[in-house]
Each structure stands twice: as C-alpha cells, then as structure tokens.
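Enquirer: Shown below is the structure under consideration.
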Amino acid sequence: MITPKILIVDDDNLICLSLKRVLERLEYQAEFCMDGGKVIEAVEMHQPDIILLDIYLTTHNGLDILKDLQEKYFHIPVVMITGYSDVKIAVEAMKIGAFDFLLKPLDLDQLKLVLNKCVNHLKLKYEVDKLRDVINSDDKLNREFFGKSKPIVRIINVVEKLAKSDDTTILLEGESGTGKEVFAKFIHQQSPRSNKVFIPINCATIPKELAESELFGHEKGAFTGAAQKTKLGKFELADGGTILLDEIGELTLDLQVKLLRILQEKKFYRLGGEREISVNVRVLAATNRNLEEEVKKGNFREDLYYRLNVAKIIIPPLRERKEDIPVLAFSFMQRFALKFDQKIKGMDDSVIELLLNQPWKGNVRELMNTMERAVLMMEGDVLKEKHFGFLKNFDDNDTTSGSGKYVLKVPSEGIKIEVVLKDLILKTLDITKGNQVQAAKVLGLSRSKLRYRMEQLGIEVTRTIS
C-alpha cells in the first residue's frame, strides 16, 4: 500500500496547519479542508484514504457531514475529533459509521494508535478485494504482458520452464510493486494445476494472533473469539491448486516451523484440532526482503529458506528495465479504458517520455495506479501529458513542466522565500488567466491551500478569480 493520504476537516487554520505538520512527520500525506460545505468536493479532489473530521464546525455539524460521507464514501474510514465533554456525541457518530474518535487536545500516541488501526483496516480490505478479484478473474496472462526488456524475457523463459513442474517450490524476490504476485499467477496458469484454484495471501497484513488460523484454519471454540464452526485455512482452500505466501519474511518463527512441516510432509493440524489433514498444494513464496540476510540475523529459519529456495526468481525494479514502461503503460491504459468505459485511441509520445523519466519507486504497482488515475480523469480520446499533471519529477537544478523549464536564479545577496513564493504564484495565475483551480493544479496544491498562501502573501483574491 502506498503512503496513506489523510484529509483534515476543521475550520481552525492553526489546528489544520499543526495537524498537517504532525501527520507529515509521521510519514503520512495530508491535506485539509476548512469549509464544511466543501468536504465532498475536497474528497473528490484529494482522494483521501482516511478522514479526520471535527464534530463542531462554525457553519456545519460534523455529524451531518459524516452522514453524507457514509452515503457517498462509506469505504473511507472517518475519525471524529471532539472535546472531552462531547463523548456521547462521539458515540453517536460511531453508530452512524465513524471508524473511531479522538479527544481534544490530541494526544500523539493516541493519534498514532488510531491511524495504525485505520491503515490495518485498509490493508485487510485491500487484500480481501484483491483475493476476490483474483479468484473470480478469467484473465489469462501472456508473456507479452510483462514487457520485452532482456531481463524480463530471460525471467519469463525460466518461469515457463519451472511452471511445467507440478509441485516445485519457487521463491520470488524483488522490491515492493515489481509484480511478484502477477508472476506467481502466471506460474500457476502455465502449470498442470491451472484449472485449480490460485490463492494469494499476504503474510504482512495478517495480525500475528490470527496468522495460524488464517493459514491452517481452526476448530470450533479453539480460542476466545473463534467462530462457532470449523474454519478452513488457506492451505485447505488451496488443495489441488497453488498458494502464494506473499511477504513470507513477515511470518513468526513459530509459524515458520509449521510451514516447514507442510512443505516436507504436506500435512498439518488445524488450530485446536486433533485430526491430521493432508493437502496437495504447490507453494510459491514472495518477499521484498533478502531472506539470506534474514537467516544470518536469526529472523528466518535456515532450513525453511533452503526448502523454499528450490528455485529462485529475482524480479528487477522497473527503473532497471525502462524498456518495459511503454508496454506496461499501454496494457494498463487498455485495461482501465475498458473498466471505466472510456474510448481511447492512444497516447501522445510526450506521455511516454514523461513516464520514462519518472523514478517509479513503487515500481509496476505505482505505474498501474498512475495510469488508472490518468484514464479515470482524462477528457477526450487521446491520453496527453496534461492528464499526468499530478506527477512530479524534480532534479536539483530545474523543474520540467511540459516542454518548458523553470530555473531559479538566486542573487548573491540572497532572497527571502516569501518573495519567491509570491512571484511563483503570481506568474502561475497569469498563465492560467486568474483561474485558481488550474493554478492550484499546476502548483501541485489544493485550491484551499493556494488561497491560504495568497492571503498569507498579500495577493488579492478577488482580482484572480476567473
């Protein structure tokens, strides 16, 4: 999951700015909305993963805003912010659908705790949705989907040979977002088990206390809170097919022992069970860690590592195979055009150049998310560079935007930052003919943040409204 974005809804400017700084120090992205009447508009603009909503706004009731959010954006966790005297109202908010609430003055540890709960909730939801999509998908991957660079062609040739085996365990290594799960699905589809189920499970997103139950299942009443009936684990559900243990390096040492037994004997016990269960499952494992180093540190069992490492595939990051970027971009464009019912003829060469010059720290996943956003928001039937205005690619000396370059020249005696900011905003407003929405997009700011900067720097708001 990429860095979560949080939208702060509060009409106190000082609180918004302070909370934004705190959230950014905690490595979240943060934006704020100070107008209770424009919350829905702010959600549509910023696409937040989490919302922090003050109950009392000057012109609006936070509970009414919460109801609107639950109706239109029920999937976004909303955390209410309230004073100690308003706990009853906070409880009422929970009944409406708020994820949690925080008391003023905000305690940093409590804030971290609640946000971690939100992030874990989002991760689990993502995994459930992804698992459902994969199980229900009829998509047949082909080798062209992965690209045409020499490293990828070489890997696909090896993968196709390994896939022919019925039960060879394969370890996939690579950075987050390189497509390890897609390669695993390709291996399954090329294998003799292709007509059976493929089940991926992300070991990093399972709470440690539930991991054994998720993998191996449990009997009725096996532990406090256990379901009132027997639950089948992922290994049983994958019987006859393939299971992918993604981020396997996150498993505890206790679970590693049990996994080793399954790999060796194809047998296990459900949690709280007395009957040994046999399964016929091909195991694929994936990790963004160096398991050999983890073994040296004592975090991963050496015997399990060698049992998994029957065959290893190392998937290179996207920055090392830029030749694949156009292929992947076109593939994602077609996929999302179909999904959003967009009729797209193609994309400009300038788009390819822009994509080739991005760092892609999030690898293929980041490229896919970028193409989804661009296709969703585009106008017309050709994907153009302007549809990727949300991308940034700065170096130390200049900023490229379209075909022009901005070069900052600082006089020898120095210059105040306020002067530079004011000049930048004024020139941008001049380019957009006073359209603040467009200027905000060019500058990579929200409209509310641009207006705040304008007021702060003494730029007349009225004269720039289109």
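Since every read-out is calculated from the coordinates, none of them should be taken as a lab result. As the structure is a prediction and not an experimental result, all values here were calculated from the model. Ideal geometry is used to build each Cβ from the backbone, glycine not excepted, and the neighbour counts take in all protein chains shown.
Enquirer: Report for the chain the percent antiparallel among DSSP-assigned beta bridges with both residues inside it, nearest 5. The partial results should precede the final answer.
Expert: Working: 10 of 48 bridges.
Looking only at bridges with both residues in the chain, the antiparallel portion is about 20 percent.
Enquirer: Using +1 on the beta carbon of Lys and Arg, -1 on that of Asp and Glu, and nothing else charged, what's the dipole of the chain about the Cα centre, debye to 20? Don't jump to the answer; show the numbers that get you there.
Expert: On the way: 70 positive and 70 negative charges, 189 e Å.
Value, rounded to 20: 900 debye.
Enquirer: Net charge around Lys267, counting only other residues with Cβ within less than 11 Å of its Cβ (Lys, Arg = +1; Asp, Glu = -1)?
Expert: Details: positive: Lys258, Arg261, Lys266, Arg275; negative: Glu265, Glu276.
Net charge around Lys267: +2.
Enquirer: Given a Förster distance of 35 angstrom, what is the FRET efficiency for Lys150 paired with Asp341, based on the Cβ-Cβ distance and rounded to 0.05? Walk me through the numbers on the way to the answer.
Expert: Working: r = 37 Å, r/R0 = 1.05.
The formula returns an efficiency of 0.45 here.
Enquirer: Further, regarding this structure: Once amide H atoms are placed 1.01 Å from N in the peptide plane, what residues at a sequence separation of 5 or more from Val197, or on another chain, have their amide H within under 5 Å of its amide H?
Expert: Gly241, Thr242
Enquirer: May I pose another question? Determine ³J(HN,Hα), in whole Hz, for all residues of region 291-307 in sequence, where each value follows from phi through the Karplus function 6.51 cos²θ - 1.76 cosθ + 1.60 and θ = phi - 60°; x replaces Gly and Pro.
Expert: Here the 3J(HN,Hα) series is 5, 5, 5, 5, 5, 4, 7, x, 8, 9, 5, 5, 5, 5, 4, 5, 6 Hz.
Enquirer: What is the calculated FRET efficiency for Asn13 to Arg275, with r their C-beta to C-beta distance and R₀ = 56 Å, to the nearest 0.05?
Expert: Computed FRET efficiency for Asn13 and Arg275: 0.30.
Enquirer: Report, in whole Å, the centroid distance computed from the Cα atoms of region 435-458 and region 143-198.
Expert: Region 435-458 and region 143-198 have Cα centres spaced 47 Å from each other.
Enquirer: Along the charge dipole of region 318-388, pointing to its positive end and built from +1/-1 on Cβ of Lys, Arg, Asp and Glu, which listed residue (Val351, Phe330, Gly362) has its Cα farthest out?
Expert: Going by the charge dipole, the pick is Gly362.
Enquirer: Measuring from centroid to centroid over Cα atoms, what is the spacing of region 375-391 and region 279-328 in Å?
Expert: 35
Enquirer: Mind checking the angle between helix 253-265 and the chain's longest principal axis? C-alpha axes, 0 to 90 degrees, to the nearest 10.
Expert: In the chain, helix 253-265 runs at an angle near 40 degrees to the longest axis.
Enquirer: Using a 10 Å cut-off on Cβ atoms, rank the peptides 448-455, 141-148 from the highest mean neighbour count down.
Expert: 448-455, 141-148
Enquirer: Choose one of Leu102, Phe216, Ala42: the residue whose Cα lies farthest towards the positive end of the charge dipole of the chain (beta-carbon charges +1 Lys, Arg; -1 Asp, Glu; about the Cα centre).
Expert: Final value for the positive-end residue is Phe216.
Enquirer: For the Cα atoms of the chain, what angle does the longest principal axis make with the long axis of helix 150-163, in degrees from 0 to 90, nearest 10?
Expert: Compared with the principal axis, the helix lies near 30 degrees.
Enquirer: What percent does the relative contact order of the chain come to when contacts are Cα pairs within less than 8 Å and at least six residues apart?
Expert: Reported relative contact order: 12 percent.
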